[in-house]
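Working notes for the structure below.
The values are calculated or read from the model by the stated rules, or taken from the named source; none is laboratory data. Every value quoted in this text rests on a predicted model; they were computed, and no experiment measured them. Every residue, glycine among them, receives a Cβ derived from its backbone with ideal geometry; neighbour counts consider all protein chains shown.
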Amino acid sequence: MSKRTKAAAGVDANVAMFAAIGDRDIKAFRAALARGADVNAARDFEDHSALQLAMDHDADEIALAILDLPIDFKGSELNLVWAVLMRRPDIVRRFIDAGADVNVRTGIGTPLSVAARPPRRMRRGPAEALIEIMRMLIDAGADANFGSAVGSPLRGAIETGNAAAVRLLLQAGAKLTPEAKQLAAELEDAGVIAAMKTKAAPRRSAPAKRDASRPATIVELEKLCGVSAFPLGGIAGAFSLHVDSGKKLDIVKVQPRLLKQGYFVFATDYRGTRVAALPTTDPFAAIEAMGTNGDNHGISNADIIKWMRELAEEHAYVLTGIGFDFLSGRFKAKPKNATELANRMYEFCSDIVDQGTVTVEALAAWLKKSGEFHFWWD
């Protein structure tokens, strides 16, 4: 068989593989693999990987089969919330072992909040499976207080009358707020009210079994954040962490110490609940790696790096936050020419005034008062 014929056969096998995933046909999927389908490289017409397509079609058996293959998955491919929705502890375990983020936040919540308060789209099955999943998530570093926009995992467990989940969450350090107590009293669920007497177990640091595979700097950061670190997809040697709600991580204080160890640490969201550590001491390399841009304003990643380099030459600063569409930091000394600087910032990033301070004068006043800056491009 010629190389061209083999390539054509591979394409046909990929088409068969995607059809099998759409039909949730595990036998046809395995047959496509036997014919040479390339799970690692193949993409459908919407650029979805085989695993992403399996999740789109709730093809859980096929997803498991894909996870068994020798493939390095990107963090963005491993939607742990989907695994929870399948109500299958074995799939959740595979996702965690493959590097899924146990504190990822989606439109319907975190993996733990979804397990505590199952939405209608969750697959039916035994309640015990969800308790097992919750234990698994907590043991892997899930934050018991990090939930959806409408409430914590504990609130969800109280609302659904799940006393076992309430007990488990309180043991894991969930905060028993006055609102939670009032909600339980209003619902008059005796089992839940009894479970709310549960005391928190001693807080545990990141699981020791992960330490051996982490650089010492990352192990230290795990302890500071109170959770396990996971590889940051697409950036070699980089890690991402959620900051446990019971911890306070001061980037400004931590960053200089970890820089001496060869890692640049910064927040990756506006609230500082997620951080990343990159194996570099160059903040501009971090901006490049994160792909920060204002493309919808005609500002490229290279433009941002150039502007921030020029700013650093005139005003020394510490970069504390980097995302795909934002930067934040703090000047080492409050700028004396704040009005001039505010005008330059407005030209560079109009949203900081148009959606923020409203006037350039107010931005200048903020710079004088706080010495902080926040750029974002919506």
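Just to be sure before I move on: is His315 at pLDDT 80 or above, touching a Cys at 6+ places or on another chain (Cβ under 9 Å), surrounded by 14 or more Cβ atoms within 10 Å (Cβ to Cβ) and not assigned by TED's automatic domain parsing to the domain that holds Gly147 in the structure I sent?
No, not satisfied.
Would you confirm, using the coordinates I've provided, whether Val265 is surrounded by 21 or more Cβ atoms within 10 Å (Cβ to Cβ) and either part of a loop (DSSP other than H, G, I, E, B) or at pLDDT below 80 (or both)?
Against the criterion (surrounded by 21 or more Cβ atoms within 10 Å (Cβ to Cβ) and either part of a loop (DSSP other than H, G, I, E, B) or at pLDDT below 80 (or both)), Val265 does not qualify.
Counting only residues that are in contact with a Leu (Cβ under 7 Å, 6 or more places away or on another chain) and in contact (Cβ under 8 Å) with a residue 12 or more places away in the chain, which one in region 347-372 is farthest from Asn296 (Cα to Cα)?
Per the stated criteria, the residue is Leu367.
Given the residues Val92, Val104, which is the only one that is in contact with a helix residue (DSSP H, G or I) (Cβ under 9 Å, 6 or more places away or on another chain), in a loop (DSSP other than H, G, I, E, B), assigned by TED's automatic domain parsing to the domain that holds Gly191 and not aromatic (Phe, Trp, Tyr)?
The conditions single out Val104.
Which residue is farthest from Thr280 (Cα to Cα), if the candidates are limited to region 251-266 and must be under 19 Å from the mean Cα position of the chain (by Cα) and of a type outside the set (Val, Ile, Thr)?
This residue is Phe266.
I'm trying to understand the selection: among the residues of region 128-157, which are more than 28 Å from Pro178 (Cβ to Cβ) and over 21 Å from the mean Cα position of the chain (by Cα)?
Answer for region 128-157, where residues must be more than 28 Å from Pro178 (Cβ to Cβ) and over 21 Å from the mean Cα position of the chain (by Cα): Glu128, Ala129, Glu132.
Only one of these is on the phi > 0 side of the Ramachandran plot and at pLDDT below 85: Gly151, Gly161, Gly191. Name it.
Answer to the check: Gly151.
List pairs: first in region 80-102 and without any contact (Cβ under 8 Å) to a residue 60 or more places away in the chain, second part of a helix (DSSP H, G or I) and of a type in the set (Phe, Trp, Tyr), Cβ under 7 Å, 6+ apart or cross-chain?
Matching pairs, first to second residue: Leu80/Phe95; Ala83/Phe95.
Out of the residues in region 214-262 meeting the condition of being assigned to a loop (DSSP other than H, G, I, E, B) and among the hydroxyl-bearing types (Ser, Thr, Tyr), tell me which one is modelled with the lowest pLDDT.
Ser245
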